[in-house]
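Visitor: Below is the structure I would like to discuss, written out as structure tokens.
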Amino acid sequence: MRRFTSTDDYQAIKPLLCLATSEGKAEQALFQYLKSEEQSLFLYEKEGMLAGCMGIKFTTNYNAVIQQIAVSPGYRKQRIGKSMVEFILEQYKLRELSAETDDEAVGFYQKLGFEVKSLGEKYKGVTRYQCTLYQN
């Protein structure tokens with residue numbers, strides 16, 4: 001995995017990030033990742049192709065929040081999402097990693113051992129979940 005550090009990758013990353021959020025939010029997030037010290041976008045490449053990305057906000061030295069995570073449809077079911085989460089946990093020696101998600105992705109976090117708490121219907125017709133993984 002590598003960190004997104006240049007607008008050179010922008011055109012390849014934006015469609016992938018749009019799988020995790022709206023186009024407007026993806027564009028805003030990309031520029032935020034370039035200039036922020038506490039937020040980073042990590043890119044997962046497989047055989048020279050961009051296969052996944054994960055946006056992280058570091059809240060303390062040992063805690064972080066997954067802001068977006070996306071895997072390109074052609075690379076799904078290959079444990080890329082799991083690999084990205086494991087990389088962040090190991091690389092930054094995190095004690096706590098959390099994410100807010102919906103019905104579509106809550107199972108992904110459960111399989112990785114995250115504790116899941118329902119936040120209820122945060123948006124009309126959409127149940128949201130707080131997922132947190134604690135490590136020693």
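Visitor: Checking Gln78 against (1) surrounded by fewer than 20 Cβ atoms within 10 Å (Cβ to Cβ); (2) within 15 Å of the chain's Cα centre (by Cα); (3) of a type outside the set (Gly, Ala, Ser), which single condition isn't satisfied?
Guide: Going through (1) surrounded by fewer than 20 Cβ atoms within 10 Å (Cβ to Cβ); (2) within 15 Å of the chain's Cα centre (by Cα); (3) of a type outside the set (Gly, Ala, Ser) one by one, Gln78 breaks only (2).
Visitor: Go through the residues of region 109-130 one by one and say whether even a single one is crowded, with 16+ Cβ neighbours inside 10 Å, in contact with a helix residue (DSSP H, G or I) (Cβ under 6 Å, 6 or more places away or on another chain) and of a type in the set (Phe, Trp, Tyr).
Guide: Checking region 109-130: at least one residue is crowded, with 16+ Cβ neighbours inside 10 Å, in contact with a helix residue (DSSP H, G or I) (Cβ under 6 Å, 6 or more places away or on another chain) and of a type in the set (Phe, Trp, Tyr).
Visitor: Scan (1) within 22 Å of Lys93 (Cβ to Cβ); (2) at pLDDT below 95 for the single condition Gln67 breaks and write down its number.
Guide: The single condition Gln67 does not satisfy is (2).
Visitor: If you don't mind, another one. So, Val116, is that one aliphatic (A, V, I, L, M), at pLDDT 95 or above and outside the structural domain of Gly55 (by TED's automatic domain parsing) or not?
Guide: Criteria met by Val116.
Visitor: Follow-up question, since we're still on this one. Got a number for residues in region 50-77 being out of contact with any helix residue (DSSP H, G or I) (no Cβ under 8 Å at 6 or more places or on another chain) and farther than 21 Å from Tyr134 by Cβ?
Guide: So the count comes out to 5.
Visitor: Could you look through region 26-44, keep only residues that are of a type in the set (D, E, K, R) and exposed (fewer than 15 other Cβ atoms within 10 Å of the Cβ), and pick out the one that is nearest to Ile69 (Cα to Cα)?
Guide: Within region 26-44, the match that is nearest to Ile69 (Cα to Cα) is Glu38.
Visitor: So, Leu97, is that one touching a residue at least 40 places away in the same chain (Cβ under 8 Å), over 22 Å from Ala12 (Cα atoms) and surrounded by 13 or more Cβ atoms within 10 Å (Cβ to Cβ) or not?
Guide: no
The values are calculated or read from the model by the stated rules, or taken from the named source; none is laboratory data. These figures come from a predicted structure and were not determined experimentally. Heads up, the Cβs are rebuilt from the backbone with ideal geometry, glycines too, and the neighbour counts pull from every protein chain shown.
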